[in-house]
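The values are calculated or read from the model by the stated rules, or taken from the named source; none is laboratory data. The model shown is predicted, which means the values in this text are computed figures rather than measured ones. Quick reminder, even Gly has a Cβ in these numbers, built from the backbone with ideal geometry, and neighbours come from all protein chains shown.
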Amino acid sequence: MAIFARITRKLKSDKQRPAKLRRRNSEAPPNDRQEGINELGEREYSVWSDASTLVGTRDHTDMLHGLAHDGFDIVVERLNSQAGGVEQDVAELRRLHELSERNKTRFNEIPANIWRHITTFLDPADAAHLALTSRLFLEKLGNEPLDILNLPENRHYRIRFLNQMDAQLPLHLLCFPCGVYHRRTNIGNERPKIDYVHNPPFICPKSTSTVLPRMRLAHGRQLPYYFVQLATRRAAYSMHHGIKCDTLCRRWKDHGNGWTHQSLYMIHEGRLLLRMRSQIFAPPKLTVTAQRMLLYDRDDFKPFFSVCAHWRDGELMNVCKCALSHVPAPPESLLRQIRASPRAQDWVTKPNLMARQCEFCRPARRCPECPTEYLLEISIREDKHDPVNQFKHVLVATRWSDLGDGTSPTASKEWCAINGLKADYDSFSSVGRRAVAGTFESQMSGSIPGQRMISLNPKKTKRGEDEHGWY
């Protein structure tokens, strides 16, 4: 009975199964596998089968196994049958070797004095590069190009020559006063400090006896050039060559004059861009003398905020004074309004606290002699130390500058133009229509300043210490 019941359940299950499924299970699996593939889906091939060359590269391990079983002649014959072949590669190498030997023979036929005469038409850096091109040129020219490059009067050429070694020396940094590479003492942890002379990134014997290349950021703050090197080297080569540009960003307040400063950096196309934003509370109805006391340092008569070397030329300080003249007066108390005027409609009148700048001080300004742009604004900030008037007007001076690619303080045209070392820089032709401020703000905040850009010095006037129009 148990056998009969089992047969009955089997017949019922076969009737309930679809016909197509029963037909598929009843048929034997077709043998439609490709040739060389087993039942597990793996390809079976030998060392010299066509499947071993599907990727287009030769398996050297298989070649060594073939040598052990088949011999050298069979291996060479089979390799020659493949695309490319070893004979073609060997023939190409022989042709290049013969060409090199012929060129070497031709160069050897030229006397050494002629090669020395050729180097007289080159500057010391190019002559040193030619001497180190190959062993043949070093034998012909000797150490004379290197000795000339090492002279004190050729320090700029030596710096240009040493700049080519930046990629091979991540643990060293080129010192421009010395003209040599110094080993970094705090690799990856270099930070800008106020006393940068006694906190260099390397031990330099001339750190206290020479003028280090630097740029003025604000009153009492300098940016040494080796931080520009470290930031650009990291972006150009690797993380071991320098530091992130974010480590250079700082925010501080000068308690002596009340100005607050904030510096921000970024890398764009291998160059270091800077944004300096300075602000101070601006009282209304300042006299001319009060405006000068607010803007200038009484020691060296330079502005407290960040400026380039051409700040005396043009309309920069006139724009600052014009912006300060638009600061509205704070609203008076109701008691003072009643005492001033008995009419009720004068008491209800509330002055507008938003400062409206004119067409002269509203646009952004670009210095025509360096890649620097300025924007002067009057906005409202909270003063936490004043319980009566918590919100006051502030003068915000923003500066954008392109500090160059960090090659050298004398070779980088942007750095030289900002510090006034060269006078042949035209910012409107070099920067182009895309402003430095637009490039910086579009990547940092996603928006660009809405003010139009005009020249800082449209009349190309030069005002120095003899003329006091800038003051």
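For every residue, the table says whether it meets (1) at positive phi; (2) touching an Asp or Glu at 6+ places or on another chain (Cβ under 7 Å); (3) at pLDDT below 90; (4) not aromatic (F, W, Y).
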position	(1), (2), (3), (4)
R356	no, no, yes, yes
R362	no, no, no, yes
C370	no, no, no, yes
E377	no, no, no, yes
W400	no, yes, no, no
Test of understanding: among L286, L294, which residue is more than 22 Å from the chain's Cα centre (by Cα), in a loop (DSSP other than H, G, I, E, B) and over 11 Å from H219 (Cβ atoms)?
L286
With the structure loaded, tell me whether R433 is loosely packed, with under 13 Cβ neighbours inside 10 Å and at pLDDT below 80 or whether it fails that test.
yes
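Matching residues to (1) over 30 Å from Q279 (Cα atoms); (2) of a type outside the set (S, T, N, Q); (3) in contact (Cβ under 8 Å) with a residue 12 or more places away in the chain:
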{"residue": "Y157", "(1), (2), (3)": "yes, yes, yes"}
{"residue": "P177", "(1), (2), (3)": "yes, yes, yes"}
{"residue": "T185", "(1), (2), (3)": "yes, no, yes"}
{"residue": "D195", "(1), (2), (3)": "no, yes, no"}
{"residue": "N199", "(1), (2), (3)": "no, no, no"}
{"residue": "P213", "(1), (2), (3)": "no, yes, yes"}
{"residue": "Y226", "(1), (2), (3)": "no, yes, yes"}
The one condition in (1) buried (at least 16 other Cβ atoms within 10 Å of the Cβ); (2) over 32 Å from the mean Cα position of the chain (by Cα) that D299 fails to fulfil:
(1)
State yes or no: is T232 in a helix (DSSP H, G or I), in contact (Cβ under 8 Å) with a residue 12 or more places away in the chain, of a type in the set (S, T, Y) and surrounded by fewer than 20 Cβ atoms within 10 Å (Cβ to Cβ)?
no
What is the number of the single condition among (1) in contact with an Asp or Glu (Cβ under 9 Å, 6 or more places away or on another chain); (2) of a type in the set (S, T, Y); (3) modelled with pLDDT under 95 that Y296 does not meet?
(1)
Are any residues in the stretch 357-380 of a type outside the set (D, E) and loosely packed, with under 15 Cβ neighbours inside 10 Å, and if so, which ones?
C358, F360, S379, I380
